[in-house]
Every structure is written in C-alpha cells, then in structure tokens.
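First up is the structure itself, then whatever we jot down about it.
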Amino acid sequence: MPETMRRGAFALVAAAALLTGAAQAASTQDTPPPSPAEACGSSANALGAQSRWLRTTDGTRIYAVHAGSGTTAIVLAHEAQSDICEWLPYAKTLVDSGFRVLAFDFRGYGRSDSPRRNRLSLGNDLAAAVAAVRGDGANRVFLLGASMGGGAVVQNTSRLAVDGRISLSGTRLWRGYGVNDPAGVRRLRAPFLYMGGRRDPIVPLSEALRIFRRVGSRDKRTAIYRGSAHGIDLVQRTPYSARARALIVSWIRSRS
C-alpha cells in the first residue's frame, strides 16, 4: 500500500476511534440518574426529591438528589461506608422547615463514579454540590456533614464561600478516607457548629474540642450530648434527636 494510502487509512481509523470514544462518553453523561426511589427505596418518595448528576472540576460524575425550595440551601455530606440514603429521612425535616436540600454520594460511594485519580478529593465533590445549589438559586448555603462527611466539611472546604458549616461528629479524616488540611481549618471563617456525643468512641471528645479550637471562625459553638451516639444518629436515633434537629434549624435560620 502506498504511503499516502496508509496515512489516510490510519487517519480514518483514528477518527473512528475518537468518535466512538466521544459517543461512549456522551452516552455515559446522558444516562439518566437513578430516581431517589430506585436508589434508596420507596421511602424516598415522601421527600419528593429529584435526582441529578453533578460534574466536579476534576471530571468525576457525582450522584445527587435535591428537594425543597427557597433561597437557603443545605448540602448534606454522608458518613463513610454509606451514601445519600442515610440522609433522606432527616432531609424531610429540613425541607419541611422551608429549606432547599441537596444530598450527594461522595466519589467511590453509592452511585457516584470512582475515579482512578484524586479518589480522596472529597472537597471537589462538596464544591460541585455548592455550585449546584447556587445555580438553583440559593443565596445562602450551609454545609452539613456527618462523620466522614463532617470531617470533609471541616478539613476540605476552606476555599468554598459558604454561610455556615455544621459537623456531626466529624473533625478529621482517617487515612484512606480523605486528606486533612490543618492550615485550612484555621482559615475557616463562616459560622461553625459542632455536634457530638460525650462518650463517642470514634471521635473522642478531647480530640473534637482540640480541632474545634483550631477553627478560625469567630462565630462557633458546640453542642455535646450525653452518651456515645455518633454522626447522623445524633439527629435521628437518640432521645435528644428532636432537640438536636431543632437546634440545627434555629442555628441556620439565625444566620440566613
């Protein structure tokens, strides 16, 4: 085969490969996300949520559900070894209180993609969620994370412009679950609320208070409850959960 023909054939093969790759990428991007009921069961119907894909700045596709309306939004970040489904019962409390909510699966969890690179860049996922609710019309945005999600809110969001942060038993990220940023903790300026259990075996109170003192916000407070409850259990499965839920709603409202 003459050289010019070989070059032409190679160019056609390369072009076909590029088109195939682009078509596959478009197909993946355009695939509708599972509905909240498909992801979490029929109990999700009570929330009236809709699902969507988010795309992070490093190209990772993130699964999210959103519900409610209004100009104040709460982004919900889940615990390790979990997904958005843990938040949906509590999310209804927030929606019923007049807030917009968005819960998402961190990269590598639930229905979100698991990237080969940046697999611990949880801050990128939070940034995509904040951008999404801003795009939906939220003027004020609060981050609410439980356990690992709370650790990511504390450690990985100093560059995000938000109106407040709430952490349920999350102060740092364990090895393999994310990257701690102690300098970033000192740069936090938005109001901060830490809620935890006095005898939490996963996050000892002494450690939680030590990191709490490093948070740079002037407007910050703790709510420490008796017992060993951890993470989302603080607002869902304890005798004082109703008080904890009421505190979060009033805290957000007073800063909105």
Exercise for the section: Sort Thr56, Thr93 by accessible area with a 1.4 Å probe, largest first. Expected result: Thr93, Thr56
Practice task
With everything on Cα atoms, drop me the angle between helix 122-135 and the longest principal axis of the chain, reported from 0 to 90° to the nearest 10.
Solution key: 90
Practice task
Mind pulling the angle between the C-alpha long axis of helix 205-214 and the longest principal axis of the chain? Nearest 10 degrees, somewhere in 0 to 90.
Solution key: 70
Practice task
List, in order, the whole-Hz ³J(HN,Hα) value for each residue of the range 189-202 obtained from phi through the Karplus relation with A = 6.51, B = -1.76, C = 1.60 and θ = phi - 60°; use x for Gly and Pro.
Solution key: 10, 5, x, 9, 10, 10, 10, x, x, 4, 10, 4, x, 8
Practice task
Give the carbon-plus-sulfur fraction of the accessible surface of the range 171-256 in %, rounded to a whole number; probe 1.4 Å, heavy atoms of protein chains only.
Solution key: 50
Handout entry: Cα centre as origin, Lys/Arg/Asp/Glu Cβ charges: the range 107-188 dipole, Debye
Key = 260
Problem - For the chain, the spread of Cα positions along each principal axis, largest first, Å - result: 82, 40, 32
Completion exercise
Quick note, the range 104-256: a/c under 1.5 would make it rounded; otherwise a/b > b/c is prolate and the rest oblate (a ≥ b ≥ c, C-alpha gyration tensor); here it is rounded
Exercise for the section: Using a 1.4 Å probe and counting only protein heavy atoms, arrange Glu207, Glu38 so the residue with the most accessible area comes first. Expected result: Glu38, Glu207
Practice task
Have a look at the DSSP beta bridges in the chain and tell me what percent are antiparallel, nearest 5.
Solution key: 30
Exercise for the section: Find which of Leu160, Ala127, Thr60 sits farthest along the positive direction of the dipole of the chain, computed with +1 on the beta-carbon of Lys and Arg, -1 on that of Asp and Glu, about the Cα centre. Expected result: Leu160
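Can you give me the accessible area per residue for the range 101-256, using a 1.4 Å probe, in Å²?
Per-residue accessible area for the range 101-256 comes out at 44 Å².
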Exercise for the section: Apply the Karplus parameterisation 6.51 cos²θ - 1.76 cosθ + 1.60, with θ equal to phi minus 60°, to every residue of the range 71-80 and state each ³J(HN,Hα) to the nearest whole Hz, in sequence, with x for glycine and proline. Expected result: 9, 10, 10, 10, 8, 9, 10, 7, 6, 5
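The values are calculated or read from the model by the stated rules, or taken from the named source; none is laboratory data. Just so it is clear, the structure is predicted and the values come from calculations on it, not from any experiment. Cβ coordinates were reconstructed from backbone atoms using ideal geometry, including for glycine residues, and neighbour counts include every protein chain displayed. Each accessible area value is taken on the protein alone, full model and side chains, heavy atoms only, with ligands, DNA and RNA left out. Shrake-Rupley method; radii C 1.70, N 1.55, O 1.52, S 1.80 Å.
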